[in-house]
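The values are calculated or read from the model by the stated rules, or taken from the named source; none is laboratory data. Bear in mind the structure is a predicted one, so any value in this text is a computation, not a measurement. Cβ placement follows ideal geometry from the backbone for every residue including glycine, while neighbour counts extend to all protein chains displayed.
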Amino acid sequence: MRQEVAAEIKSAVVKVSGSVEGGGERVVLEVAGPDGEVVLKVEEELNIDSNGKGDFEVSLKVEKPELWWPFMYGSQPLYTVSATLPGFDTQSRKVGFRRLRLLQHALKKEPGTSLTFDINNVRIFCGGSCWIPGDYLLSRFSETRYQTWARVGVYPWVSPIKKLVGSGG
């Protein structure tokens, strides 16, 4: 699943793709807003081959989406995208709609380029840090402990936090 917000920030497209095996003639796709209300519902016929396998790819357009923002700039509303094979299975994923661009231009008096992030047509400040995992055995690092450590970065307004992996970061 991929999302793309239009340049004018008035609509977003969610591209959903999947594979089907062992049954089903159609897939029902739904997008529910952060409040749980269904904002879009589409049915798509499946092209099943002789082995009972098939693929689908659908683009869903959401008008006037609630935008996702970094924690210092606003809320983080999440939409739920569901794909259902009636009588078989349902799979759901969360997505936040945001337009992200990396803006670079040559520096005037120094060699190199600038590095500026633009989210939802707003240039944002990034004063980030690197986080080294709290335990070399990640399976011992519980979700509660992980969330506690992540909140430690929120209080001094650190955004973003880069998680170091291996020796290369």
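Taken together, the residues in the stretch 86-100 that are surrounded by 12 or more Cβ atoms within 10 Å (Cβ to Cβ) and more than 23 Å from the chain's Cα centre (by Cα) amount to 1. For the stretch 63-78, filtered to residues that are at pLDDT 95 or above and over 15 Å from the mean Cα position of the chain (by Cα), the residue that is farthest from Gly22 (Cα to Cα) is Lys64.
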